[in-house]
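Enquirer: Sharing a structure here in structure tokens format.
FYI, it's all coordinate maths here, none of it is from the lab. Just so it is clear, the structure is predicted and the values come from calculations on it, not from any experiment. Every residue, glycine among them, receives a Cβ derived from its backbone with ideal geometry; neighbour counts consider all protein chains shown.
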Amino acid sequence: MAGYTLALPIFALMEIKKRETAYDGYFKIYKLTVAQNGHTFTREQFDRGTAVAAMVYDTEMQRYILTRQFRVGSESELVEVVAGMVDEGENPETSIAREIEEEIGYSVDSLQHLHTFYSSPGGTTEKVLLYYAEVSHQHAEGGGKDDEHEHIELVSYTREELLKESFADAKTIIAQQWVQLQGQV
């Protein structure tokens, strides 16, 4: 179409003018005062921190090791990749190795960073660093930490079983798709 121009709207960046703590318990929620396009409004922000997760592959058993546990957010048991939070002052690689040890009782043989993503950027700060971890020997029971009230069951899959499974957890679905894209592992 001659002379046709598509006019795209120009969006002004949001500017956070004020941050107040609205809730400070097990989690933290902020009330933000935001300015954009001459308007000022409020938004709540769930401060979740940085999470780590790993698709764990046992090279001796040739099986993927995942976890099953009750999750408060879904109010149900979910099967998902090993995951946890980065503790203050800890680097993400140390965090995921610690989580693998606590949850499934393995030491990491090799670790590969796959991707970093936000789980739900519309309202939460949570950033997830997703890894692929190879392990070869389970030297502890795993199951999580009693003082964190974790009751974690190990679940293992062959590659074929993993790819046929239907998961409800986003980080696990992303990891599952990564496995599928890798071809035969």
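Enquirer: Report the paramagnetic label zone for T158: residues of the stretch 55-70 whose backbone N is under 11 Å from a point 7 Å from Cα along the Cα-to-Cβ axis.
Expert: Within reach of a label on T158, which here means backbone N under 11 Å from a point 7 Å along Cα→Cβ, the stretch 55-70 contributes 63.
Enquirer: Same structure again: Per 0.36 nm of contour for each residue apart, how much would the distance between Q69 and H151 grow if the chain were fully extended, relative to their Cα-Cα spacing?
Expert: Length gained, Q69 through H151: 28.9 nm.
Enquirer: Okay, moving on. For the chain: lysine pairs with Cα atoms under 18 Å, gap of 8 or more or different chains, count?
Expert: 5
Enquirer: If you add up the charges near A35, with Lys and Arg at +1 and Asp and Glu at -1, over every other residue whose beta carbon is less than 11 angstrom from its beta carbon, what do you get?
Expert: Here the count lands on +1.
Enquirer: What residues have an amide H closer than 5 Å to that of V56, excluding those fewer than 5 places away on the same chain, when H is modeled at 1.01 Å from N in the peptide plane?
Expert: For V56, whose amide H was placed from the backbone, the distant partners under 5 Å are I65, V82, A133.
Enquirer: Moving on. So what's the angle, to the nearest 10 degrees on a 0 to 90 scale, between helix 92-104 and the longest Cα principal axis of the chain?
Expert: Rounded to the nearest ten degrees, it is 50.
Enquirer: State, as an integer percentage, the relative contact order of the chain based on alpha-carbon contacts under 8 Å between residues 6 or more apart.
Expert: Computed value for the chain: 21 percent relative contact order.
Enquirer: Okay, next question. Got a sec? How would I100, I174 order by Cβ neighbour count within 10 Å, fewest to most?
Expert: Going from least to most buried by this count: I174, I100.
Enquirer: How big is the stretch 65-141 on each of its three principal axes, counting only the C-alpha atoms and giving the largest first in Å?
Expert: Taking max minus min along each principal axis of the Cα atoms, the stretch 65-141 gives 40, 28, 22 Å.
Enquirer: While we're on this one: Given a Förster radius of 35 Å and the C-beta distance between E90 and M61 as r, what FRET efficiency does 1/(1 + (r/R0)^6) yield to the nearest 0.05?
Expert: 0.75
Enquirer: Using only Cα atoms, find the angle between the long axis of helix 170-181 and the longest principal axis of the chain, and express it within 0 to 90 degrees, rounded to the nearest 10.
Expert: So the helix axis and the longest Cα principal axis differ by about 70 degrees.
Enquirer: Nothing charged except the Cβ atoms of Lys and Arg (+1) and of Asp and Glu (-1): what's the magnitude of the dipole of the stretch 50-181 about its Cα centre? Round to the nearest 20 debye.
Expert: With Lys and Arg at +1 and Asp and Glu at -1, about 600 debye.
Enquirer: Now for a separate question. Obtain the nm distance between the two label points defined at T40 and Q182 by a simple spin-label model: each point lies 7 Å from its Cα along the Cα-to-C-beta direction.
Expert: The modelled label-to-label distance comes out at 5.1 nm.
Enquirer: Sticking with this one: Restrict the search to the stretch 46-117; then list the GluC sites (Glu not before Pro) that DSSP places in a loop and that have at most 16 other Cβ atoms within 10 Å of their Cβ.
Expert: Taking the stretch 46-117 and a limit of 16 other Cβ atoms within 10 Å, the loop GluC sites (Glu not before Pro) found are E60, E75, E88, E90.
Enquirer: Here is a follow-up. Using the basic label-point model (7 angstrom from Cα toward the beta carbon), what is the T33 to H115 distance in nanometres?
Expert: Modelled inter-label distance: 3.9 nm.
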